[in-house]
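Asks: One structure, pasted below without further comment.
The values are calculated or read from the model by the stated rules, or taken from the named source; none is laboratory data. A quick note: this is a predicted structure, and the numbers were derived from the prediction, not measured. Because the Cβ atoms are built from the backbone with ideal geometry, glycine has one as well, and the counts that use them run over all protein chains shown. Side chains are part of the model used for accessible areas, which takes the heavy atoms of the whole protein and leaves out ligands, DNA and RNA. Shrake-Rupley method; radii C 1.70, N 1.55, O 1.52, S 1.80 Å.
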Amino acid sequence: MWKDKLEKVQNKRREFFGDSADSGAPIESIALWTNRIYNDFKVTLPAEYIDILKATNGVEWNGFVWYGVD
C-alpha cells in the first residue's frame, strides 16, 4: 500500500517540480540509525519502516513530512 502512495507522490513531484522523492537511504546509514534509536530509546523499529527508508530517505509533500535517517 505505501509503495503505491509513494509512487503517486513521486509522479506528482516529477510533474510539478521535475524531481521525485529522495532515493533510499544507504543500508549502512539505516543500520547506524536503527542502532542509535535502540541504544537511546530501547525501541526496535518495525521492518516496514525500514523498508520505506530503503525506498526513500525522506519526502515532503502537501504538508506531510517523512523524515529520513539524516
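Asks: Filter the trypsin sites (Lys or Arg not before Pro) in the chain to those in DSSP coil with at most 14 other Cβ atoms within 10 Å of their Cβ, and list the result. Please report the intermediate quantities before stating the final value.
Replies: Numbers: sites: LYS3, LYS5, LYS8, LYS12, ARG13, ARG14, ARG36, LYS42, LYS54; in loops: LYS42.
Answer in residue order: LYS42.
Asks: Which residue, chosen from VAL59, PHE17, MET1, occupies the Cα position most advanced towards the positive end of the dipole of the chain, where the dipole is computed from +1 (Lys, Arg) and -1 (Asp, Glu) charges on Cβ about the Cα centre?
Replies: MET1
Asks: Give me the extension gain from VAL65 to TRP2: residue separation times 0.36 nm, minus the current Cα-Cα distance, reported in nm with one decimal.
Replies: Extra length available between VAL65 and TRP2 comes to 21.3 nm.
Asks: Under a 1.4 Å probe, what is the accessible area of the chain per residue, stated in Å²?
Replies: Values: 5320 Å² over 70 residues.
Value for the chain: 76 Å² per residue.
Asks: Show me the GluC sites (Glu not before Pro) within the chain that DSSP assigns to loop and that have at most 10 other Cβ atoms within 10 Å of their Cβ.
Replies: Working: sites: GLU7, GLU15, GLU28, GLU48, GLU60; in loops: none.
In loop regions of the chain (DSSP not H, G, I, E or B), there are no sparsely surrounded GluC sites (Glu not before Pro).
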